[in-house]
1. So how many residues does segment A:123-158 have that are closer than 30 Å to residue B:85 by Cβ, more than 18 Å from the chain's Cα centre (by Cα) and surrounded by 24 or more Cβ atoms within 10 Å (Cβ to Cβ)?
2. Check off (1) away from every other protein chain (no Cβ under 14 Å); (2) crowded, with 21+ Cβ neighbours inside 10 Å; (3) within 18 Å of the chain's Cα centre (by Cα) for residue B:102 and give me the number that stays unchecked.
3. Residues of segment B:32-59 being over 19 Å from residue B:219 (Cβ atoms) and surrounded by 16 or more Cβ atoms within 10 Å (Cβ to Cβ), which ones?
4. Go through (1) within 14 Å of chain A (Cβ to nearest Cβ); (2) in contact with a Cys (Cβ under 8 Å, 6 or more places away or on another chain) and name the single condition residue B:23 misses.
5. Residue B:58 is checked against (1) β-branched (Val, Ile, Thr); (2) part of a helix (DSSP H, G or I); (3) closer than 27 Å to residue A:29 by Cβ and fails just one. What number does that condition carry?
6. If you go through segment B:16-31 one residue at a time, how many are under 14 Å from residue B:223 (Cβ atoms) and of a type outside the set (A, V, I, L, M, F, W, C)?
7. Take residue A:120 and decide whether it is buried (at least 20 other Cβ atoms within 10 Å of the Cβ) and touching a helix residue (DSSP H, G or I) at 6+ places or on another chain (Cβ under 9 Å).
8. Residues A:138, A:158, A:225, A:145: which one is out of contact with any strand residue (DSSP E or B) (no Cβ under 6 Å at 6 or more places or on another chain), in contact (Cβ under 8 Å) with a residue 24 or more places away in the chain and more than 21 Å from residue A:30 (Cα to Cα)?
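Bear in mind these aren't lab numbers, they're just calculated from the coordinates by the rules spelled out. Keep in mind that what you see is a predicted model, and the values were worked out from it rather than measured. Cβ placement follows ideal geometry from the backbone for every residue including glycine, while neighbour counts extend to all protein chains displayed.
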Amino acid sequence: MLCRTAGRIVLFAVSGLSHLIRPPFHLRMFVRALVEMAYFSLPVVALTAIFTGMVLALQSYTGFARFSAQGAVASVVVLSVTRELGPVLAGLMVAGRVGAAMAAEIGTMRVTDQIDALATLSTDPMKYLVAPRLLGGVIALPLLVVVADILGVLGGFVVSTTSLGFNPAAYLHSTFSFLETIDVVSGLVKAAVFGFLIALMGCYNGYMTRGGAEGVGAATTAAVVSASILILAFDYVLTGLFFSQ
Amino acid sequence: MSEVPPKIRIRGLVKSFGEKKVLDGIDLDIMPGTSLVVIGGSGTGKSVLVKCILNLLTPDAGTIEIDGEDVLKLPPRARRAVYAKVGMLFQNGALFDSLPVWENVAFGLLARHRVTRAEARAQAGEILAQVGLGPEVSRLFPAELSGGMQKRVALARAIAARPELLFFDEPTTGLDPILGAVIDGLIVDCVKRLGSTALAITHDMSSAQHIGDEAAMLHEGRIVWRGPGTSLLTSGNPVVDQFTHGRREGPIKMELCD
């Protein structure tokens, strides 16, 4: 059963991706998906990132104080945010917000015959509904993660310099001297993969919706849960690929 | 003398869902420029029949020819060309919630005819006028319309690209009798004006008599009767008589649970 579902999801993804390289292209749908995923997710991702950075600075300071390593707070904050927390938390937030909305919208279209109507109007539903969202996810998440990285580090900076007694210039110097390109790039690659997974699970569960309102509700739940689990699983895999010795 | 080939020719169409055989060898011809109404009880496979013809469901067996081409065997590109001639009015309208009325109506024009959005909007306004809707409706969203207005918009969308083939799935379901008659009248007008071939499915007897040049009865997966639309109430076929007169007793047995 699990293998069959996984196979269906892979075939669905391949079909969706194949429409990205074959015209016609639905630019308006792509822009709509990008705005929905990136612009309207900004507040929730920004708040999550800034508070995470603040908590991270506070926790690492109190923890490191036990073995007199408070000076590592800046580097821990920046590495944790760029490598891990930025992409994962942004991914989970967007999965809850956008993945659910995608599944609900496409699922409602399925149960009200709107997807069949698309087909009768010479429009391939995979090309019109799925492909633009997949591309939108791949582009939107990295953009959000850039913002999350900046705000996460800023949150740590604010707490460290206002509450924990760090010198601002020394904190920033410590932050950037430990940061390497691979830390940011790995986070952005993760974000692109997570964005794809969120859009894929939202579209797949919506597209396969059966039944009425109950089916749409089930599809929405499945989209969020499956995307969240896949984000965490792929996070482990990608971390292994980027950083294992 | 050359014989005119049917616009749609269906032979031996079979479709099952699990153990349940919904269509069990349908044979059906629809001649160009005529309208056929298929009647039948709820769950007898009327919508499945239309969805098979429209390639929204894949039949288990049988052939479906449109203009002499077996659409089930056509490559995707050729199949798309055949279905570009089709318009469909869905039972619940199936209007796109996220698009305003004019864009719903112009959707097929934009997809098929590569017109500009300004041209499509102007044409949508003209088509909406044909179904009795004013320009003020064009910028509203489907959720802001009444059920009758949604049906009219759905009809406008179906006819917008001047299709050669029109399908109507329960066009008057959920409407009051007067509004139902208005929609029936609009359908007859549109089909005549376009010269299209039409297939409607319904269990509304009044609608069936108005819309159809011919009528056919679908029962237990087969066409059990076919005749002029005007003779529906006097067919002499016991299955059709029981259905059209709404009799409890007769050859049609309803499965009722305790």
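1. 1
2. (3)
3. B:33, B:34, B:35, B:54, B:55, B:56, B:57, listed by residue number.
4. Every listed condition holds for residue B:23 apart from (1).
5. Here residue B:58 clears every test but (2).
6. So the count comes out to 4.
7. It is true that residue A:120 is buried (at least 20 other Cβ atoms within 10 Å of the Cβ) and touching a helix residue (DSSP H, G or I) at 6+ places or on another chain (Cβ under 9 Å).
8. It is A:158.
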